[in-house]
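Student: Following this message is one structure expressed as structure tokens.
The values are calculated or read from the model by the stated rules, or taken from the named source; none is laboratory data. Quick caveat, the model's predicted, so the values are computed rather than measured. Positions of Cβ are generated from backbone atoms using ideal geometry, with glycine treated the same way; all protein chains shown enter the neighbour counts.
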Amino acid sequence: MIHHHKIILILIIAEPLCRMRSGSFFTIFSYTVVMITNDKGIVELKHFILREVCRLAWEGKLNAEETEKIVYQVSPGPKPKYRCCVYKEREIVRGRIRLAMGQDPDPNNTSTNVVSVISAACDDCPIQTYFVSDICRFCLGKACLSSCRFGAITPGDHKMKIDPSKCKSCGMCAKSCPFGAIIHQERPCRKVCPVDAIFYDEAGICRIDENKCIHCGHCIHNCPFGAIGSKIYAADVIRHILDGKRVIAMCAPATEGQFGKDISMAAIRAALKKAGFADMVEVGLGGDMTAASEAVEWIEARKEGKVMTTSCCPAFISMLHHHFPKQYEENKSQTVSPMVAVSRYLKSQDLDCVTVFIGPCIAKKGETLNRYIKDSADYALTYGEIVALLDSKGITPEPVDEAYQEASLFGKRFAGTGGVAGAVLEVMQEMGEDTSDIKLMTCAGGDECRKALMLLKAGKLDVDFIEGMICPGGCVGGPSKHQAESVVLKARSELLDKADDRKILENLKNYPMDKFSMRRDGN
């Protein structure tokens, strides 16, 4: 299955393509969905590299000599396939291999940020943000010249020209040009970053400000050269399985529908157990747990007249922490995310188990490393990463007859916009609270979240509660979703229709909620 993220075009090929050793196509079901996106070829390459790294990890051969063979598999030479020369190609592949092993692509960089830049891959984007197009008529008025206060615009031979060393990117020249001949060009990675964490060094290489980065991962799949990636911990997971540890997968609520209408949670569970996982638990159960805990907080906050935000989206929480620190302290729910809730539940039953979250989210990787959250999950993998891990053992999810459900329908719906708030309101109603007059704001997407928090900071937000999700559409629209969102939603609807109608609080009576904390500080 070729899986990509920013959808421009979807092609559905009726007959399955053959699985190719080169990693060109990855077919899991009876159709192949191709999303034409910024990073199409890069995702295929990353899958191949990660699959080979996982294969070496299973075989106990994950060493420098064996990984160098992958480099030459991808770029055998003498002629380059992707870049200007084989030497550059090979350096980029080495960076990707390091990411696939959970390391920074630069061996001299000790950063713990989960989102990293492969410097060798980032040098083909123009540094200049404003440039004069051929539409320029070289007019007599030259409004652009008079509007520039920095002396960056001068007449050329046939049109005006901009000196990038003087240009301050104020945009006045573009606004003043009567022909619209001056174009504003912004790099894709920087354009999608909701917190302005992307900047460039003197060589024009992309850098990430770790004090601003919220690990949303949107830059990763918007870079057409694949220069940005996240650290992958699949090899660590494999090592724990080989060591005989009890490794338990935790699948996000967004999982249902990602692999088609015939691949249920039970089917995913069976595939993971076949690969060596001890078990799998749906994180929708954690959604029920989080909703129950947040409902108590919301009731108290409402009495105090305090606005409260949800706490399940780690990128949203990072936005609060890094960019709205006062609101982080005063308005954030203290309840842990569903991922952390399920991990704590599992570890309350078996302290030595290893918990691995699987979902569409890059920010979950950061949450596993967040020092402000006690007893978080041990690892987080994306759908593409778990598919590569399964592929390295020749395993593909297949339909099963058995049923599996641990979450209420409300917990399962945590993955969509409004799902978290809907579950919390459901619990409040189950507790006998009147929720008819609650004023709720649901924010989906980085821009919406930032605007809401700016209004909250300014004291101009007349709502009781804010549901914040950095990804448009919620987790289902996450940066590492496995298929086009429209395809996922159609399959997801069919799968959710099969779920029973259990209530949240009634469901939680089956679990030892008194054996672990639902608060972020662990108390």
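Student: Quick check: is even one residue across segment 25-40 out of contact with any Leu (no Cβ under 7 Å at 6 or more places or on another chain), modelled with pLDDT of 95 or more, buried (at least 19 other Cβ atoms within 10 Å of the Cβ) and not in a loop (DSSP other than H, G, I, E, B)?
Tutor: Scanning segment 25-40 turns up no residue that is out of contact with any Leu (no Cβ under 7 Å at 6 or more places or on another chain), modelled with pLDDT of 95 or more, buried (at least 19 other Cβ atoms within 10 Å of the Cβ) and not in a loop (DSSP other than H, G, I, E, B).
Student: Moving on. Determine whether segment 392-401 contains at least one residue that is of a type outside the set (A, V, I, L, M, F, W, C) and touching a strand residue (DSSP E or B) at 6+ places or on another chain (Cβ under 6 Å).
Tutor: Scanning segment 392-401, I find no residue that is of a type outside the set (A, V, I, L, M, F, W, C) and touching a strand residue (DSSP E or B) at 6+ places or on another chain (Cβ under 6 Å), so the answer is no.
Student: Then there's this: Take segment 295-314 and flag every residue that is part of a helix (DSSP H, G or I) and within 17 Å of residue 367 (Cβ to Cβ).
Tutor: 314
Student: Taking the stated definitions as given, is residue 381 surrounded by 20 or more Cβ atoms within 10 Å (Cβ to Cβ) and in a helix (DSSP H, G or I)?
Tutor: It is false that residue 381 is surrounded by 20 or more Cβ atoms within 10 Å (Cβ to Cβ) and in a helix (DSSP H, G or I).
Residue-by-condition table, conditions (1) closer than 30 Å to residue 217 by Cβ; (2) charged (D, E, K, R):
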| residue | (1), (2) |
| --- | --- |
| 74 | yes, no |
| 88 | yes, yes |
| 101 | yes, no |
| 125 | yes, no |
| 132 | no, no |
| 137 | no, yes |
| 149 | no, yes |
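Student: Could I ask something else about it? Taking the criterion of being surrounded by fewer than 22 Cβ atoms within 10 Å (Cβ to Cβ) and over 18 Å from residue 314 (Cα atoms), would at least one residue in segment 443-454 satisfy it?
Tutor: yes
Student: Now for a different question. Here is a check on your reading of the model: is residue 376 at pLDDT below 95 and not charged (D, E, K, R)?
Tutor: So residue 376 fits the description; yes.
Student: Residue under question is residue 257, and the condition is that it be of a type outside the set (S, T, N, Q) and at positive phi; does it hold?
Tutor: Judged against the criteria, residue 257 is a match.
Student: Shifting gears a bit: Within segment 431-523, considering only helices (runs of 4 or more DSSP H) that don't extend past its boundaries, which have at least 1 residues that are within 17 Å of residue 417 (Cβ to Cβ) and modelled with pLDDT of 95 or more?
Tutor: In segment 431-523, 446-457, 485-496 are the helices (runs of 4 or more DSSP H) which contain 1 or more residues that are within 17 Å of residue 417 (Cβ to Cβ) and modelled with pLDDT of 95 or more.
Student: Another question about this same structure. Looking at this structure, is residue 159 charged (D, E, K, R) and within 34 Å of the chain's Cα centre (by Cα)?
Tutor: no
Student: Any residue in segment 219-236 that is closer than 30 Å to residue 400 by Cα and either out of contact with any Phe, Trp or Tyr (no Cβ under 9 Å at 6 or more places or on another chain) or free of Cβ contacts under 8 Å to residues at least 24 places away in the same chain (or both)?
Tutor: yes
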